[in-house]
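Taking it in order: structure first as structure tokens, then the write-up.
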Amino acid sequence: MIQLFHVYKAFGSRNPALIDVSLTVRKGEFAFITGPSGAGKTTLLKIISRAEKTSSGQALVNGRNLNRINERELAFLRRRIGVVFQDFKLLPRRNVFENVALALEIAGFPLSVVRKKVHQTLRYLGLANKEDCYPPQLSGGEQQRVAVARAIINNPLILLADEPTGNLDPDLTMEIMALLREIHIRGTTVVVATHSQELLRDTRRRIVTLNKGRII
Ligand SMILES: Nc1ncnc2c1ncn2[C@@H]1O[C@H](COP(=O)(O)OP(=O)(O)O)[C@@H](O)[C@H]1O
Ligand SMILES: [Mg+2]
């Protein structure tokens, strides 16, 4: 599903953010990327979502080489990758329904389909009564659940989560992690980047550790 071969990524003349990173994440796998702040976790997720290009080396997602892909294929692929961030990145002036619906509207689904899918997904995430709320009116945990709803609304092949519990207290952290596990059980490949050792303590999942841009 995700294949990285000798990936380097440098920003300007600084020390490279990623150095010779080779990694395969299989379809249906749940993997953690960990390592201290600045290790390259976010950059790695950005390479996978093609938010950033590799400086050298290859990144393949679903068999497509991200360096060679054309705009149309890229748009298609991006729709199959859901992303969740530490700071939620919800649109503050759009309500919950609109935040979640946006991706489907951009994808060109008719309004009736959009409504049905959004209702369904919000119900699934326990947000059915929050549709008309604006993000600033929600708790951190609720905002993150809205962000997860937005990320999974298109039935992504892959869900990437970058420090998804970084702004949440321990109870809500457990709740969001349980949600990610459930999404994984339903068939999505999930990759979670976290610097938190706490989150990894009891996990049986694969853990990939980065340090100064290298896998160790
Ligand atoms: N857009 C950017 N421009 C310049 N340097 C960057 C950029 N993104 C990341 N970096 C640098 O790359 C390194 C890895 O960063 P990052 O991937 O954010 O690490 P992590 O997510 O593990 O904290 C850091 O040294 C960071 O300063
Ligand atoms: Mg990061």
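Observations on the structure shown:
- Residue within the range 63-76 that is out of contact with any His (no Cβ under 9 Å at 6 or more places or on another chain) and touching a residue at least 40 places away in the same chain (Cβ under 8 Å) present: no
- Sole residue being within 16 Å of ligand 1 (Cβ to nearest atom) and among the hydroxyl-bearing types (Ser, Thr, Tyr), chosen from THR173, THR188, THR165: THR165
- Filtered residue count, the range 44-81, keeping only those that are touching a Ser or Thr at 6+ places or on another chain (Cβ under 8 Å), more than 16 Å from ligand 1 (Cβ to nearest atom) and outside any loop (DSSP other than H, G, I, E, B): 2
- All positions within the range 14-30 that are touching a residue at least 24 places away in the same chain (Cβ under 8 Å), in a strand (DSSP E or B) and away from ligand 2 (no atom under 16 Å from the Cβ): ILE19, ASP20, SER22, LEU23, VAL25, PHE30
- Within the range 5-13, the presence of a residue that is more than 16 Å from ligand 2 (Cβ to nearest atom), more than 16 Å from VAL208 (Cα to Cα), in contact (Cβ under 8 Å) with a residue 60 or more places away in the chain and not in a strand (DSSP E or B) is excluded.
One line per residue, one yes/no per condition, for (1) surrounded by fewer than 16 Cβ atoms within 10 Å (Cβ to Cβ); (2) touching a Phe, Trp or Tyr at 6+ places or on another chain (Cβ under 7 Å); (3) acidic (Asp, Glu):
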position: VAL7; (1), (2), (3): no, no, no
position: ARG26; (1), (2), (3): yes, no, no
position: PHE30; (1), (2), (3): no, no, no
position: GLN58; (1), (2), (3): yes, yes, no
position: LEU66; (1), (2), (3): no, no, no
position: LEU77; (1), (2), (3): no, no, no
position: GLN86; (1), (2), (3): no, no, no
position: LEU91; (1), (2), (3): yes, no, no
position: ARG94; (1), (2), (3): yes, no, no
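- Residues that are hydrophobic (A, V, I, L, M, F, W, C) number at least 3 in the following helices (runs of 4 or more DSSP H) confined to the range 99-216: 111-124, 140-152, 170-185.
- Any hit, the range 36-43, residues being under 12 Å from LYS212 (Cβ atoms), assigned to a loop (DSSP other than H, G, I, E, B), touching a Gly at 6+ places or on another chain (Cβ under 8 Å) and modelled with pLDDT under 95: no
- Yes/no for LEU210 being at pLDDT below 95 and of a type in the set (A, V, I, L, M): no
- Selection status of ASN15, more than 21 Å from LEU180 (Cβ to Cβ), surrounded by fewer than 20 Cβ atoms within 10 Å (Cβ to Cβ) and more than 11 Å from ligand 1 (Cβ to nearest atom): no
- The residue list GLU175, GLU105 contains one member that is touching a helix residue (DSSP H, G or I) at 6+ places or on another chain (Cβ under 8 Å) and free of Cβ contacts under 8 Å to residues at least 24 places away in the same chain, which is GLU105.
- Enumeration of residues in the range 58-113 that are at pLDDT 95 or above, farther than 30 Å from LEU138 by Cα and touching a Lys or Arg at 6+ places or on another chain (Cβ under 7 Å): LEU66
- Hits in the range 138-191 - residues which are more than 15 Å from LEU90 (Cα to Cα), of a type in the set (D, E, K, R) and away from ligand 2 (no atom under 16 Å from the Cβ): ASP169, ASP171, GLU175, ARG181, GLU182, ARG186
The values are calculated or read from the model by the stated rules, or taken from the named source; none is laboratory data. None of the values given here were measured: they were computed from a predicted structure. Ideal geometry is used to build each Cβ from the backbone, glycine not excepted, and the neighbour counts take in all protein chains shown.
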